[in-house]
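The block underneath contains the structure these notes are about, expressed in structure tokens.
The numbers here are math on the coordinates, done by the rules we state, and not lab data. On a predicted model such as this, the values are computed, not experimentally measured, just so you know. We place every Cβ from the backbone using ideal geometry, glycine too, and count neighbours over all the protein chains shown.
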């Protein structure tokens, strides 16, 4: 389970909060938020924002709508990734011109 905010997401949040008269949050510990923005999901999964929106529009990713804002529950995102994690080799994978599935079966 992901428990801390990735450094890049944390930096983006600090920049967004920074305004006239505001100082960065002095607390040394960071707690992962329950809901994350689309851009943050893209950083966590290392895929583009457009791809995240396509997954949302297709009903693949669970979302929470707060007015016009769209957030993804962190725990549901982690579950979503876990459900899609492959435990066996891809059938189309090839190594040195050899089908990976066949090489595992022959071993």
Between residue 31 and residue 78, 0.36 nm times their residue separation minus their Cα-Cα distance comes to what? 15.3 nm
Two pseudo-spin positions, 7 Å from Cα along C-beta at residue 53 and at residue 65, lie apart in nanometres by 1.6 nm
